[in-house]
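Here the structure comes first, spelled out in structure tokens, and everything after it is commentary.
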Amino acid sequence: SNAVGECVVFGLPLWNIFPQVKTMTAFRKELRVDYDMAMTKRREENARGENLDTGDCLSAMLNDNMSEEDMFDHFVTLISAGHDTTAYFSSYLCYLLAKHQSVQDKLRTEIQ
């Protein structure tokens with residue numbers, strides 16, 4: 001998420017000459033391995049009649065007959081969004097509290 005953040009903050013184009021882009025590419029390859037393992041396991045379970053509809057995102061994507069690339073893109077989005085949203089929100093919250101001392105003091109009082 002740091003690599004993505006640097007690309008966004010500094011407005012870097014997504015060219016492979018930047019170390020941040022290389023980091024994101026490597027992460028995406030590792031994530032593909034995890035995705036392939038999860039989907040293979042789910043498909044094998046479905047073939048045996050197990051876990052046919054668990055109500056999770058993998059079941060929804062399989063039930064909608066999405067293409068393999070679309071499913072992987074959704075998988076990446078779900079994993080990244082959950083992590084990055086929390087990380088960025090927490091960082092921004094700390095920034096705002098540092099910038100607005102009176103709010104920080106009120107929050108500290110309320111917590112105590």
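Tabulated values for the structure
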| quantity | calculated |
| --- | --- |
| For region 59-98, accessible area per residue (1.4 Å probe, heavy atoms of protein chains only), Å² | 66 Å² |
| Qualifying trypsin sites (Lys or Arg not before Pro) for region 26-85 [loop in DSSP, other Cβ within 10 Å: at most 16] | 48 |
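The values are calculated or read from the model by the stated rules, or taken from the named source; none is laboratory data. As the structure is a prediction and not an experimental result, all values here were calculated from the model. Here the Cβ is made from the backbone with ideal geometry for all residues, glycine too, and neighbour counts use every protein chain on show. Surface areas here come from the heavy atoms of the whole protein model, side chains and all, with no ligands, DNA or RNA. Shrake-Rupley method; radii C 1.70, N 1.55, O 1.52, S 1.80 Å.
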